[in-house]
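Let me begin by presenting the structure, written as structure tokens, before commenting on it.
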Amino acid sequence: MSRSIDRRAFLRRATAAAAVLTAAPLLGPRPARAQPDRLVVALGQWGTETPFAWRHVQAEKPLWDCVYDPLITRDPKTFEYRPGLATEWKPSNELKTWTFKLRPGVRFHEGYGELTAEDVKFTVEQSHKPDSLGGSAYYFRNNLDRIDTPDRLTVVMHFKTRQWIVPSLFTQYVGYQNVISKKYFESVGEQKAAAHPIGTGPFRHVEGKQGDYHRFEAVPGHWRKMPAFKELLIRRIPEPATRLAGLRSGEIDIAQVFGDYLEQAQKAGLRIHESPNAAQYWVILTGQTTPDREDFCPQCAWVGDQKDPRSWENGRKVRLALNLAVNKKAIYSGLWKGRGGDTPYSYYYYPFHRGYSADWKVPPYDPDRAKKLLAEAGHAGGFEVRVNPYVQLVAQDGPDVMEAVALDWEKLGIKVKRVPEATSSFGPKGRLRKTNKTFSVYGSPPFDEPLAGWERVLHSKGAFNLLLDGAFDEDIDAAMREFDPARRAQLTHALGQRLYDGYHGVMLGMKSITWALGKKVGSWSTLAYVPAETNYEYVTAGS
Amino acid sequence: MSRFIAGRLAQSLVSMVVVSIVVFALVRLSGDPIAIMAPPEASQADIARMRAYLGLDRSWASQYGTFISHALRGDFGTSVRFRRPAMELIAERYGATLELGGLAVLIVIVVALPVGVYAAVHRGSGLDYAARAFAALGQAVPPFWLGLLLVLVFGVLLRLLPTSGRGTPLHVLLPGITLGWFAVAGLMRLTRSAMLDTLGSEYVKLARIKGLPERTVIWRHAFKNAALPVVTFAALLFVALLNGSIIVETVFGWPGLGLLVIEAVDSRDYPIVQAVVMCLSAMYAGVNLLVDVLYAYLNPRIRYSS
């Protein structure tokens, strides 16, 4: 029987097709070789991709901060304020008025003129737009009365009440206001200005594609820092294993890595760079809220009834037991690979803050004592808890850390029910205190003062309950009303002590944010305590 | 045939209306985009003001009326998250998805059909066993694992191909192969089994007895009849390939529709989710219609007139 597609013919054709497919890479252009003047940074996510402070959710900072300059910079090691676009800033009128003097001669990219007070005013006033929800828009909308610009380089902000927190809103990280060019924004409109932002920063935006990449050029003779690389390419690569592969192949020069990828990166000969102490971790023990909230749970073993001293004390014993049960050192070595440690506090109080006490220690790993405490509190056989192993912006390894904690708790007889739920739906529940008493791991960056954090997450009127609600309202209000920094530090310390003694969360320690660097990178001077590192202009070229 | 097509078109329209109602309701039941977008410090008043600004405080019936009337004009609204027209964002991403899916489809056609037919014709040969082993492996290997393996071999070790991203024609090769791999295995198995069924049939024997060339027997008589299930499977497979793959796009940092959709679902970005689902349902309805028409062409015994 004659066959038109005989074996040999088929194999010949199949071989030819395979050869074409295999040869295609060799016929086409070769993969982009590492260009010596180009720095390639890979990010896992960049939020809403908006370059505007009044819309962003902080995750955009690693993408856009290179285009802008802050009014106030930070000392890379101490976190203290240093002049930026503003050469000086001072309060008057009992802290109701803040005056900023701008640096002369700073120019916007692409010929949009010199930075003036009108640009700063225009930027801040965008917060008043009805659809401005990001950054510090809420703060300015609620507290700012008006802004005057008596001369080209002076901005005077008038607030409705006395405000000591104003400078922090113009520094790097929390609430950072990217000063935009009024002239450019008004001439092209918001949508175009968002796609191609114009700033005063060390890199000029050249072009980009939404969800893919953005390309920047170094600004020659920049007033703050002339970048070492002529070109900066920031790419979005969600998968950490692919980012690591890009580093190994030389396509990428800087990428965030953590967990097991740290070891893989080191084995591949890549250097690891740390942004030290960038995130404090703790487990939120939900249920410690006010009676008007759905999560309120005085009968929960770890909460107790505030009106019943014995019940309240038993709740504290259980919380201490939950702290003692966790082997923190195993987390530092196993999950964080030694890039973090037992910095002795976890709820927004950082060692550089005034009033911080070195006597505060992360509770040691002591499961025997934990068992005794549980028995004393009447829970010798354990109890059931719900945990949500979810990824949080600053705690990307939240699921792993939560699981490590859960396994330790189970050794005490505590029944841990895992109820995974995405950040997108779990986050709003936290705001409303409707989490069904579900615990989760939280990672926090620092505020200028812990009070600024506590007002948001400890106060019964605060946005979230990340620790407890209501119990310290009066103390927080008193400290927030205190404008003398020294006195405020005393009140903060006293409140910090009470929080520490209450063991309201499970303190885990402080973690560094880690990056792997390719051969093209020499060194990188990053900011301590800042998780979303953004200052690529301080990256030097390798040998 | 024209009555059949008109009937199918009407059915498709009804399906799309149902889809529009379901997707409209589901995305709203799944959560509030403003609550997700708002920073921790935003007050309930801030959230309420934003909701009112975007018209999300209106009744569902009113919102649906606006949605459907605008959608009929091709306007699916502005993305809540990105503040850009939803269709503009989809159009930007669709080029990348089409490029990736197109290559995957090409690989599937070039590899799965000939190898499937050959394996059936040469049943029991070494190549048949190899093809079956490949098919089993292809369907068993998860795409994320295969993708990372290809990246490691061709990107890191051999440095022949880029590890991620989009740009040159080389960038699409690894994600295209990863995306097409599973489909090749599935379609190859289906083609082989369908061909085995038809090769043993009486009309194929008759064709051979009549002395027709083997090429004609295989392709005109056997394959044409074996193609019915293959066409159905392939059509839906191609639509799926051309509509983005979340896993492959994530592994390769490929800026396609899949990543946009998963982010939109995660952030409850109603306009994008609605626009994508409506476009997808239109594509599926169109392809199903096309498949039905192809049935009639491939097998005249099928009559739709009734």
- Message: Nearest 10 degrees is fine. How inclined is helix B:270-298 to the longest principal axis of chain B, computing both from alpha carbons?
- Response: 20 degrees
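If you keep only loop residues by DSSP, which trypsin sites (Lys or Arg not before Pro) in region A:39-118 have at most 13 other Cβ atoms within 10 Å of their Cβ?
The qualifying sites are A:K77.
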- Query: Relative to the Cα centre, what is the charge dipole magnitude of chain A, using +1 at the beta carbon of each Lys and Arg, -1 at the beta carbon of each Asp and Glu, and rounding to the nearest 20 debye?
  - Reply: 1640 debye
- Rounded to the nearest 20 debye, dipole of region A:406-535 from Cβ charges on Lys, Arg, Asp, Glu: 740 debye
- Message: Suppose a student asked you for the relative contact order of chain A, using Cα pairs under 8 Å spaced at least 6 residues apart; what percent would you report?
- Response: 18 percent
- Query: Can you give the FRET efficiency for A:K307 and A:Q191, using 1/(1 + (r/R0)^6), R0 = 45 Å, r = Cβ-Cβ distance, to the nearest 0.05?
  - Reply: 0.20
- Rounded to the nearest Å, the spacing of the alpha-carbon centers of region A:421-462 and region B:166-217 is 56 Å
- What is the gain in length, in nm to one decimal, between B:S30 and B:I109 on full extension, counting 0.36 nm per residue of separation less the C-alpha to C-alpha distance? 24.6 nm
- Here the whole-number average of other chain Cβ atoms within 10 Å per Cβ of B:150-163 is 5
- Under the span-like rule (Cα at least 24 Å along the axis, Kyte-Doolittle mean at least -1.0), DSSP H helices of chain A: A:7-27, A:485-502
- Item | chain B: angle of helix B:126-140 to the longest principal axis, Cα-based, in degrees nearest 10 | 20 degrees
- Item | Relative contact order of region A:337-476, defined on C-alpha pairs under 8 angstrom at six or more residues apart (%) | 23 percent
- Task: Could you check the simple spin-label distance between A:F352 and B:D197, using points 7 Å along Cα→Cβ, in nm with one decimal?
- Result: 7.1 nm
- Message: Mean-square fluctuation check for chain B, GNM, Cα pairs under 10 Å: which of B:I47, B:I90, B:I109 is largest?
- Response: B:I47
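Rounded, prolate or oblate: which one fits chain A, using the alpha carbon gyration tensor with axes a ≥ b ≥ c (rounded when a/c is under 1.5, else prolate when a/b beats b/c, else oblate)?
oblate
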- Query: Helix B:60-71 sits at what angle to the longest principal axis of chain B, using alpha carbons and giving 0 to 90 degrees rounded to 10?
  - Reply: 60 degrees
- Describe numerically, in nm with one decimal, the distance between label points set 7 Å from Cα along Cα→Cβ at A:R487 and at A:T78. 2.5 nm
- Query: Summing Lys, Arg as +1 and Asp, Glu as -1, what charge do residues with Cβ under 13 Å from the Cβ of A:A422 carry, A:A422 excluded?
  - Reply: -1
- Task: For region B:177-256, calculate the relative contact order in percent as a whole number, restricting contacts to Cα pairs under 8 Å that are 6 or more residues apart.
- Result: 37 percent
- Can you list the cysteines of chain A that have no other Cys Cβ under 4.7 Å away? A:C66
- Message: With a cap of 13 neighbouring Cβ atoms within 10 Å, and only residues DSSP puts in a loop, list the chymotrypsin sites (Phe, Trp or Tyr not before Pro) found in region A:430-526.
- Response: A:F483
- Label point 7 Å beyond Cα of A:H128 along Cβ direction - residues of region A:137-163 with amide nitrogen under 16 Å: A:137-150, A:156-161
- Note on the structure: Simple SL model, points at 7 angstrom along Cα→Cβ for B:A136 and A:E207; separation in nm is 5.0 nm
- Dipole of region B:188-244 [Lys/Arg +1, Asp/Glu -1 at C-beta], most positive-end residue of B:V231, B:L212, B:M195: B:L212
- Using just the helices of chain A, give the 222 nm mean residue ellipticity in deg cm²/dmol: DSSP H runs with n ≥ 4 each add -39,500 (n - 2.57), and the total is spread over all residues, rounded to 500. -8500 deg cm²/dmol
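All of the numbers you see were taken from the coordinates with simple rules; none came from a lab. Here the structure is a predicted model, which is why all the values come from computation and not from measurement. Counting neighbours? That spans all protein chains shown, and the Cβs are built from the backbone with ideal geometry, glycine included.
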